[in-house]
1. Apply the Karplus parameterisation 6.51 cos²θ - 1.76 cosθ + 1.60, with θ equal to phi minus 60°, to every residue of segment 112-123 and state each ³J(HN,Hα) to the nearest whole Hz, in sequence, with x for glycine and proline.
2. Expressed in nm to one decimal, what extension gain is obtained for the pair SER95 and ALA44 from 0.36 nm per residue of sequence separation less their Cα-Cα distance?
3. In nm, to one decimal, how far is the LEU123 label point from the ILE51 one, both placed 7 Å along Cα→Cβ?
4. Going Cα to Cα from LYS138, which lysines come in below 21 Å? Please leave out same-chain ones fewer than 8 positions away.
5. Averaging sequence separations of C-alpha pairs under 8 Å and six or more residues apart, then dividing by the length of segment 19-174, give the relative contact order as a whole percent.
6. Starting from the Cα of LYS119, draw a straight line to each of the lysines and keep only those under 17 Å, dropping any in the same chain fewer than 8 residues away.
7. When only alpha-carbon atoms count, how far does segment 23-123 stretch along each of its three principal axes, as whole angstroms with the largest first?
Amino acid sequence: MNRRQFLVGAVAGAASMGIGSYALLATKVDKSQLTIDAALQQIAVLKESHIKVTGTWSWPQILNHCAQSIELSMHGYPAHKSALFKQSVGRLAFSVFSQRGEMVHNLSEPIPGAGLLLKDADLNQAYQRIETALHIFKHYPGALAEHFAYGKLSKAEYEQAHVMHIYNHMSTIV
């Protein structure tokens, strides 16, 4: 075992303990709301509101980031975590998020290697982009790309991941 494998293994072990604790302590959410249709309904409601968010990203940046993630799941992510990470920490994290019905992640971290998101992007275009991405994904017949952190996901798992991702970012709305 080389030093890198040892370090990744140690980090994976520590992360699994932390994620496991989160799974036991956090409250559960209504998993019936983890669908593209439910997310589109939430977005439709938000379009009629004046949205303010906490954090470093603007609301259009958040919408574009979530749309970007959906688009990349169909066309391929530009950069990936290591195979060891995806098979250990990444897979475990997705499993816990899926079981819990909610995701928690760094809300100002861009997708590795993906294009820059403008803070002052047009809000209407951002809404259009995420709605279009969700509709295209829902009816997408092709093979899905491997997720950059979670590894291979089924279409149902990807749908859940995308919706949890959107909802996690919606938690910044004040």
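Just so you know, all these numbers are worked out from the coordinates, no wet-lab data involved. In this text the structure is predicted, and so the values were computed from the model without any measurement. Quick reminder, even Gly has a Cβ in these numbers, built from the backbone with ideal geometry, and neighbours come from all protein chains shown.
1. Per residue, the Karplus-derived 3J(HN,Hα) values read x, x, 7, x, 5, 10, 7, 5, 9, 4, 5, 5 Hz.
2. Computed gain between SER95 and ALA44 is 15.5 nm.
3. 0.9
4. Partners found: LYS31, LYS47, LYS152, LYS155.
5. On the way: 180 pairs, mean separation 68.6, N = 156.
Result for segment 19-174 is 44 percent.
6. Of all the lysines, those that pass the test against LYS119 - Cα under 17 Å, at least 8 places apart if same chain - are LYS52.
7. Projected onto its principal axes, the Cα set of segment 23-123 covers 40, 33, 26 Å.
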